[in-house]
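Accompanying notes for the structure given below.
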Amino acid sequence: MFMNNRLIIEGRFLVNMAGAFIRQDDQRPIRGQLDWERIYRVADYHKITNLVYLSMLGNGKKIPQKWQDSFAERYWQGLQYGEICKEAEQEVLALLDMRNISCAILESCDFRNLYQLPEAASNIPLRLLMDEESYVLAKGYLVDLGYETDRFYSGFGERMKRVSGIYVEIFRKPPFQTHAYEKQMQFLLRRVFVKEPYHTVRTLSVVDRFIFYMAKCAYRYAQDELVIRELMDLYLYHKTWQEQINQAHVKKVLSDFCVERLADKLLHLSYMWFGSQEELKLEEDQRYEPEEYDVLENRILSRGILNNEDYEIDQQAIVLREMIEKSENKERRQERFERWKQRNAERRQEAGRKFRWAFPEYRYMCTIYPILEKMPLLLPFCWLMRLIRFLFIRRN
């Protein structure tokens, strides 16, 4: 329990620092003794290390030099990534377009434009969705560009990395396991449109991309993988495009994902973390009970350690987690069945090889025992003689 509370306290400390930076509030001085190694690791887990570095610039004397350097290193990595990511993405998309590879952009480094300082954004990889045939071809072209597989997403796709640190994720199917998510993602993908100046590269509309982000955050929350950075991105996207977003339409579509209430609470939590007082007042009509936000916050900041049905009170989160576990169990059973089939096939192949060795075909036996050409009925006797001869040779 002490470890859980410590994670939550450290997480709230980082949320306050990140929120003050996003709102451009005056930074409060850091007081007390903090374990900066743990603060760094928690910030790194939540993908906000570079942003925390910018937030603590005025408190340098309070932070050990070793950890100042560690935070600074992450910041400079993000800065360098921003300088090359746009060009790298354009190179990949231009190549796929030239090769007539049809794909849809799920996420890209364009998200960096939502931040006042782009270097405060995370290093978002280019995420592409395509069909099976295009997937195989696209992977080959990425290898030609110098990308190597860095991580596999079983059943969905893989992440590829270049020496420069650029990531590209390619998927053959939407990276969600539940039937409702797969079905609704197909509906979203039917509405993609061609991204200029390409011909085969498509992208989501502003509203559909927001729906995708909302559904993704709810899904990752149910998996206990949602981090502070993703809620920050959700907040900034909604704040930037809210005038173009029909909230009633979004809620209707998210209800088909079966997460409209959970996603709405996560969006409001992002405003509580990073929004101003004026923005929070605009969200008052969407407010839920305080304990519901406490559960969301504690589960996110504890990295899912506080994850059980007695603690979780959102029914949509509970049902979604059950659906994910059911899908994962089904996938594991399918994998076990495939391994069993493969082992059986190998056993049958080995048994067949041994059988063919012990009882060769008629034509082969005729070359050893010419009498079989005149008397084929002697084939079983010749098989027996051949086996006895081999046994005698092996014994000697």
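The values are calculated or read from the model by the stated rules, or taken from the named source; none is laboratory data. Bear in mind that the values here come from a model prediction, so they are computed numbers and not experimental data. Glycine gets a Cβ as well: all are built from the backbone with ideal geometry, and neighbour counts include every protein chain shown. What goes into the accessible areas is simple: the full protein's heavy atoms, side chains included, and nothing from ligands, DNA or RNA. Shrake-Rupley method; radii C 1.70, N 1.55, O 1.52, S 1.80 Å.
Report the net charge of residues surrounding D131, where surrounding means a beta-carbon distance below 15 angstrom and charges are Lys +1, Arg +1, Asp -1, Glu -1.
Details: positive: R99, K139, R172, K173, R190, R202; negative: E132, E133, E182.
My count for the surroundings of D131 gives +3.
Remark: segment 320-396 carries 88 Å² of accessible area per residue (probe radius 1.4 Å; ligands, DNA and RNA excluded). Computed from the Cβ-Cβ distance with R0 of 25 Å, the FRET efficiency linking A180 to E291 stands at 0.40.
Which sequence of E325, E107 reflects their accessible areas, 1.4 Å probe, from the largest down?
E325, E107
May I ask you to compute the full-extension gain from Q277 to R151, defined as 0.36 nm times their residue separation minus their alpha-carbon distance, rounded to one decimal in nm?
Details: separation 126, 0.36 × 126 = 45.36 nm, distance 4.12 nm.
Length gained, Q277 through R151: 41.2 nm.
If I compute solvent accessible area with a 1.4 Å probe over the protein chains, what percent of it on the chain is carbon and sulfur? Intermediate values should be presented prior to the final figure.
Values: 11700 of 22200 Å².
Carbon plus sulfur share of accessible area: 53 percent.
Calculate for the chain the 222 nm mean residue ellipticity that helices alone would give, adding -39,500 (n - 2.57) per DSSP H run of length 4 or more and normalising by residue count, nearest 500 deg cm²/dmol.
Result for the chain: -20000 deg cm²/dmol, rounded to the nearest 500.
Would you please give the FRET efficiency between I313 and Q223, computed as 1/(1 + (r/R0)^6) with r the Cβ-Cβ distance and R0 = 22 Å, to the nearest 0.05? Could the numbers behind the result be given before it?
Values: r = 18 Å, r/R0 = 0.81.
After rounding to 0.05, the efficiency reads 0.75.
Placing dummy labels 7 Å off each Cα toward the beta-carbon, the span from I84 to R356 is 5.2 nm.
Given R0 = 30 Å, the distance between the Cβ atoms of T240 and D69 translates into a calculated FRET efficiency of 0.35.
Projecting the alpha carbon convex hull of the chain along each direction and taking the average yields 31.3 nm². By the Cβ distance rule (another cysteine Cβ under 4.7 Å), the unpaired cysteines of the chain are C103, C217, C258, C366, C382. Residues in segment 53-207 average 51 Å² of solvent-accessible surface per residue, probe 1.4 Å, ligands and nucleic acids excluded.
Ignoring lysines fewer than eight residues from K265 along the same chain, the ones with Cα atoms less than 21 angstrom from its Cα are K216, K239, K251, K252, K281.
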